[in-house]
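**Q** One structure, pasted below without further comment.
The values are calculated or read from the model by the stated rules, or taken from the named source; none is laboratory data. Here the structure is a predicted model, which means the values were calculated and not measured. Cβ: placed from backbone, ideal geometry, glycine included. Neighbour counts: every protein chain shown.
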Amino acid sequence: MKLQRRWFVSTVFFLLLLSVSAAQGIGLRDQVSEVVLPNGLKVLLLENHKAPLVSFQVWYRVGSRNEAWGKTGLSHLLEHMMFKGTNKFGPEEFSRIIQENGGNNNAFTSRDYTAYFENLRADRVDVAIELESDRMQNLLLREEDFRTERMVVMEERRLRTEDNPQAYLFEQLMATAFQIQPYHWPIIGWMGDLERLTLEDLKAYYRSYYNPTNAFIVVVGAFNQKELLEKIERAFGSIPKGIPPPQEVGLEMPQVGERRITVKKEAQLPSIVMGYHVPNLRNPDSYVLEVIATLLSGGKSSRLYQSLVRDKRLAFGIDADHSFLSKDPGLFYISADILPNKEVIDVEKAIDYEIERLQNERVSDRELEKAKNQLEAAFVFGQDSMFNQARLLASFEIATSWRAIDDYLPAISRVTAEDIQRVAKRYLVPDNRTVGILLPLPAKVERPLSRGDTHHGGTFR
C-alpha cells in the first residue's frame, strides 16, 4: 500500500509540474537536448528522474506509406524480422536479454514509421544501446526465418482483419478514400502481396530505410545527458550514414463527390464509418478538428453519445477522431456500432444532424471550454510515463518536428466558436467524405468433409 501511495504521489506531482510548466510557458523545448551525430542520426534526450528507469526508443521514418504498389506489408514484416538475430546475438535472444535485465521491449509499425523500444532500469541502458546499434546494421535475413514470419503475418492478417468485420470495413474505407496516396493500402499489407514478397525484397528494403539518416533515437529517463550521449555516440557513431531515402509521396486530389461502399460479412450487428479528408498538424485547422472531435465524442456528455446512444438509442458505441499526427493529410473519422433492429439510415441521419449543428449553431462558451479542458487533461496525463513521453516526442518528430509539441496547448486554447463553424463547413461536408457500411450476413453452417475434399487447415464454409 505504501509503495502504491508513493507511486501515486510521485505521478500526481509530476503531472502538476507539467501543468505549471505549461502555464508558465516552460515547455519541453527547454528540457529536451537534440544532437545530430556526424552520420546523420538524430538523438533526443529528456532527463526525467521521477523513477530510476529509462525508455530507450529507436524510430525509423518508414511505414506502409513508403511501400510500393504490389509490395505492401514490407514495413511490418521487417519489424518481425528485426528480432531474428545478428552474428552477435542469435534468433529470439533480443527479447530474452532484455527480460533477463528486468526490462520489457516491443515494436510497432504504422503508416508513417516503425518504432522499437526497451523500458529498463536506468543502470541497464547500455544493454539496449548495444542491442539496437547491432541490429541497425548487422541484421541477418535468412530464407527460413523469412518464410516463417511471412506465414505468421499472413495469419495475423486473417485473424485481425479478414475475420474482424469492423477492421475489414475500415480497411475498405481507406482503400476507397485514398486513390493516389499510399494510405490506400493497409499497414499489414494485402494478402496477395504478402504471398509474393521475397527475401530479396526485404533485404533491399532494410538497406534503403534502416540507416542513421532515416532514424532517430529518443531516450527519456533517469540519466546524465552527457554520459548517455557519449555511450550512444560510441555505439551508433560508426554505422555508415547511408543514403537518405525519398520521403515524398503522391497526395490526393480534392474529392469531388461522396463515395460509398458496402461490406457484407458475417457479423452480429451493422456498423457505419465516415471518413472526411482533413489536414494534419501542419495546418492550423487541425487543432480545431481536435476540439471538434472532443465536442462530438469526448465522453458520455458529448454530442454524439448523448444523441445516438442515450437519447435515440440507435447505437451502443460511437467515436470521432482524426489523424492529427499523421505525416500526410488523413481522415476525420466518425464510426458507430449500431444496436439490433435499428436502421443504418437513421444512424447516418442522426450523425449528419449533429454535424449540421456544428456548422450552423454557435457552440456555447461553456461547452467549448469543457472540450478544451478535456484535451489539456488528456495531453498532460498522456505523458504519465517515460515511455509515453518519449513516444509523444517521437510522434511529433515524425509528423513535423518534436518542437511542435509545445504548440499544442496554446493552439487548442486559441480555438474559437467561429473556428468550429468555419472548419466544420469546410471539411465535414458530404462531397468530401467516404461512407462505409457493414451489413451483417448470418453465420454459415460448417459442413463435414466429403469424399474428395481437401483440408489445408482452414474451416470449410
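**Q** Filter segment 270-303 for residues that are under 23 Å from Ile345 (Cβ atoms), out of contact with any Lys or Arg (no Cβ under 9 Å at 6 or more places or on another chain) and assigned to a loop (DSSP other than H, G, I, E, B) and give the result.
**A** Listed by number, the list holds a single entry, Ser302.
**Q** So for segment 305-319 (the condition being surrounded by 22 or more Cβ atoms within 10 Å (Cβ to Cβ) and over 21 Å from Leu339 (Cα atoms)), does at least one residue qualify?
**A** Within segment 305-319 (the criterion being surrounded by 22 or more Cβ atoms within 10 Å (Cβ to Cβ) and over 21 Å from Leu339 (Cα atoms)), the answer is no, since none of the residues qualifies.
**Q** Could you grab me the full set of residues in segment 371-410 that are more than 18 Å from the chain's Cα centre (by Cα) and free of Cβ contacts under 8 Å to residues at least 12 places away in the same chain?
**A** Asn373, Ala377, Asp407, Pro410
**Q** Run His49 past the list (1) under 22 Å from Ala394 (Cα atoms); (2) in a helix (DSSP H, G or I) and report the number of the one that doesn't hold.
**A** Unmet for His49, out of (1) under 22 Å from Ala394 (Cα atoms); (2) in a helix (DSSP H, G or I): (2).
**Q** Inspect all residues belonging to segment 251-261 and state whether any of them is touching a Pro at 6+ places or on another chain (Cβ under 6 Å), surrounded by fewer than 21 Cβ atoms within 10 Å (Cβ to Cβ) and touching a residue at least 24 places away in the same chain (Cβ under 8 Å).
**A** Scanning segment 251-261, I find at least one residue that is touching a Pro at 6+ places or on another chain (Cβ under 6 Å), surrounded by fewer than 21 Cβ atoms within 10 Å (Cβ to Cβ) and touching a residue at least 24 places away in the same chain (Cβ under 8 Å), so the answer is yes.
For (1) over 30 Å from Val249 (Cα atoms); (2) assigned to a helix (DSSP H, G or I), each residue gets a yes or a no:
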{"residue": "Ala320", "(1), (2)": "no, no"}
{"residue": "Phe332", "(1), (2)": "no, no"}
{"residue": "Asp337", "(1), (2)": "yes, no"}
{"residue": "Gln383", "(1), (2)": "yes, no"}
{"residue": "Arg391", "(1), (2)": "no, yes"}
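**Q** Further question: Let me spell it out: the conditions are (1) part of a helix (DSSP H, G or I); (2) surrounded by 19 or more Cβ atoms within 10 Å (Cβ to Cβ); (3) touching a Pro at 6+ places or on another chain (Cβ under 9 Å); (4) not aromatic (Phe, Trp, Tyr), and Lys84 meets all of them except one. Which number is the exception?
**A** Lys84 satisfies every listed condition except (1).
**Q** Of these, Glu266, Glu290, Glu258, which one is touching a strand residue (DSSP E or B) at 6+ places or on another chain (Cβ under 8 Å) and within 30 Å of Leu77 (Cα to Cα)?
**A** Answer to the check: Glu266.
**Q** Return the residues of segment 161-182 that are under 19 Å from Asp321 (Cα atoms) and in a helix (DSSP H, G or I); say none if nothing qualifies.
**A** Correct list: Gln166, Ala167, Tyr168, Leu169, Phe170, Glu171, Gln172, Leu173, Met174, Ala175, Thr176, Ala177.
**Q** Any residue in segment 419-447 that's crowded, with 19+ Cβ neighbours inside 10 Å: show its pairings with residues that are among the basic types (Lys, Arg) and modelled with pLDDT of 95 or more at Cβ separation under 6 Å, as long as the two are six or more apart or on different chains.
**A** Filtered contacts from segment 419-447: Thr434/Arg259; Val435/Arg260.
**Q** Any residue in segment 38-60 that is under 10 Å from Ala215 (Cβ atoms) sitting within a Cβ distance under 7 Å of a residue that is surrounded by 17 or more Cβ atoms within 10 Å (Cβ to Cβ) and of a type in the set (D, E, K, R)? List the pairs, counting only those 6 or more apart or interchain.
**A** Close Cβ pairs (under 7 Å, with a partner that is surrounded by 17 or more Cβ atoms within 10 Å (Cβ to Cβ) and of a type in the set (D, E, K, R)) amount to Val58/Glu132.
**Q** Touching a Ser or Thr at 6+ places or on another chain (Cβ under 9 Å) and exposed (fewer than 15 other Cβ atoms within 10 Å of the Cβ) - does that describe any residue in segment 388-403?
**A** yes
**Q** Name every residue in segment 94-123 that is in contact (Cβ under 8 Å) with a residue 24 or more places away in the chain and not in a strand (DSSP E or B), in order of residue number.
**A** Selection gives Phe94, Ile97, Ile98, Asn101, Gly103, Ser110, Arg111, Asp112, Tyr113, Ala122, Asp123.
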